[in-house]
Amino acid sequence: MVLIGSDILLFETERNPNLTRREYATEILRKAKHWVALNEFIENRARVLNKLAFKPLDALHLASAEAAGVDYFCTCDDRLLKRARSLKDLQIPVLSPLDLIGEIEK
């Protein structure tokens, strides 16, 4: 399994008011083997996803993951997970951590 980081993940991490969590997340992002830079394609796709009821940052995360061609997008955000599961327009599977573990163990 390969961790992929993005400009959007870094942006959101830097906004975390909890110093311990921010530092921990930053350390994890440093381990990313690939990086997705924000670009016009991602911004345009995020606008489409935002119109499908995703929050702007969630839309940017999903668009970045799609651009990277990830196998899985893992989230603990129940609202994002529920919305993603109800759409057929996404190009990637969106899973909870427990679902991801199940997929990896197959």
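The values are calculated or read from the model by the stated rules, or taken from the named source; none is laboratory data. Please read all numbers here as calculations on a predicted model, not as lab measurements. A quick note on method: Cβ atoms are made from the backbone with ideal geometry, for glycine too, and the neighbour counts reach across all protein chains shown.
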For Leu60: the one exception among (1) touching a helix residue (DSSP H, G or I) at 6+ places or on another chain (Cβ under 9 Å); (2) exposed (fewer than 13 other Cβ atoms within 10 Å of the Cβ); (3) at pLDDT 95 or above | (2)
Output the number of the condition that Lys55 fails; it satisfies all remaining conditions of (1) surrounded by fewer than 14 Cβ atoms within 10 Å (Cβ to Cβ); (2) basic (Lys, Arg); (3) under 15 Å from the mean Cα position of the chain (by Cα).
-> (1)
Would you mind stating whether Ala67 is surrounded by 14 or more Cβ atoms within 10 Å (Cβ to Cβ) and without any contact (Cβ under 8 Å) to a residue 24 or more places away in the chain?
-> no
Report yes if Ala46 is without any contact (Cβ under 8 Å) to a residue 60 or more places away in the chain, over 23 Å from Arg83 (Cα atoms) and within 14 Å of the chain's Cα centre (by Cα), otherwise no.
-> no
